[in-house]
1. Evaluate 2.2 N^0.38 Å with N set to the residue count of the stretch 80-228, then give the Cα radius of gyration divided by it.
2. Specify the inter-centroid distance of the stretch 70-84 and the stretch 207-255, based on alpha-carbon positions, in whole Å.
3. Separation between the residue 253 and residue 158 pseudo-spin-labels, each 7 Å from Cα along Cα→Cβ, expressed in nm?
4. How much length is gained on full extension from residue 177 to residue 42, taking 0.36 nm per residue of separation minus their Cα-Cα distance?
5. How far apart, in nm, are two points set 7 Å out from the Cα along the Cα-to-Cβ line at residue 148 and at residue 92?
6. Mind checking the stretch 219-255 for trypsin sites (Lys or Arg not before Pro) that DSSP puts in a loop (not H, G, I, E or B) and that have at most 11 other Cβ atoms within 10 Å?
7. Put 91, 18 in order of accessible area, largest first, 1.4 Å probe: what do you get?
8. Would you mind giving the average projected area, over all directions, of the Cα convex hull of the stretch 152-255 in nm² with one decimal?
Amino acid sequence: MQNAVTPLYMDWSFWAVIVALTAVVLSQIPPIHVILKRAKLDLELYSKLSITHKLGNPNLQLHLILNNIGGRRVRVKDISVALSRDGTNVIDFPAQNYLQNQNDQNTVLFTTFSLDPKNEWAHITNFLRSFGREDEKAYQKIEGDLLADFRSYQKEKKGNASAESEEAYEHPSNLVQPASDFFEKHFCWKAGEYNMTISVVTDSKSADISKNYRFTIFESHTETLASIKEHFKYGGGLYWNPKIQTSVILEVTEA
């Protein structure tokens, strides 16, 4: 007589192997509450910001801290700032570059990046609008005309033995005026109460975040930033940088 074959489903050693394999698989899967947790970001801002400009074109520097407090990876696609002064829209501009480390001298181009759960992105970030085609053309002409005039002066000076070696050269008003006009057209750091909205756009709408902040620019700040105009007639702020204060640090609070 042949021995009866035990069905596989009755073989306890088989089920022991299945249970062990299942335990291994489950140990590699995140808890169900993590799987169901949506993508979510938290935004923090350092309590100070810096404002400056290039021939009036505004620049804003912020120390941003982004934390992924959700249960899924988030890809940050864009960060932008919108400013209004005394209730009137002033300007909005995107993140352009940032410092990889706080002590770095050179910036890194801002591009999209991913944040895994519990990870953080914290960097000093620069927000500005690059010159458009027409503004870039106008800026290059202003700088080029002043620099050509200065070189002409230097060439003439070398042939004039009586010229003072340390004499400061003042450009003619017809070359300086376009620089002043360009500055007035773009300069926006006027005195007033500012509302600042920081918006972070991701690949998941539920993770997008926006926060409001406020800061104040006083007349003394505006005067400090605009003082560069006095150097335009000497080419300062254009083809060379005078040793003056060109930025202002302000307190910022959450609105």
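The values are calculated or read from the model by the stated rules, or taken from the named source; none is laboratory data. As the structure is a computational prediction, the values presented were derived from the model and not from experiment. All Cβ positions, even for glycine, are placed from backbone atoms using ideal geometry, and neighbour counts span all protein chains on display. Accessible surface areas use protein heavy atoms only, side chains included; no ligands, DNA or RNA. Shrake-Rupley method; radii C 1.70, N 1.55, O 1.52, S 1.80 Å.
1. Details: Rg = 21.7 Å, N = 149, 2.2 N^0.38 = 14.7 Å.
In units of the globular-protein estimate, the stretch 80-228 measures up at 1.47.
2. Between the Cα centre of the stretch 70-84 and that of the stretch 207-255, the gap is 25 Å.
3. Output for this residue pair reads 6.0 nm.
4. On the way: separation 135, 0.36 × 135 = 48.60 nm, distance 4.69 nm.
Extending this stretch completely gives an extra 43.9 nm.
5. According to this spin-label approximation, the distance is 4.0 nm.
6. Working: sites: 229, 233, 243; in loops: 243.
Here the sparse-neighbourhood loop sites are 243.
7. On the way: 91 20, 18 60 Å².
The ordering from most to least exposed comes out as 18, 91.
8. Result: a mean projected hull area of 10.7 nm².
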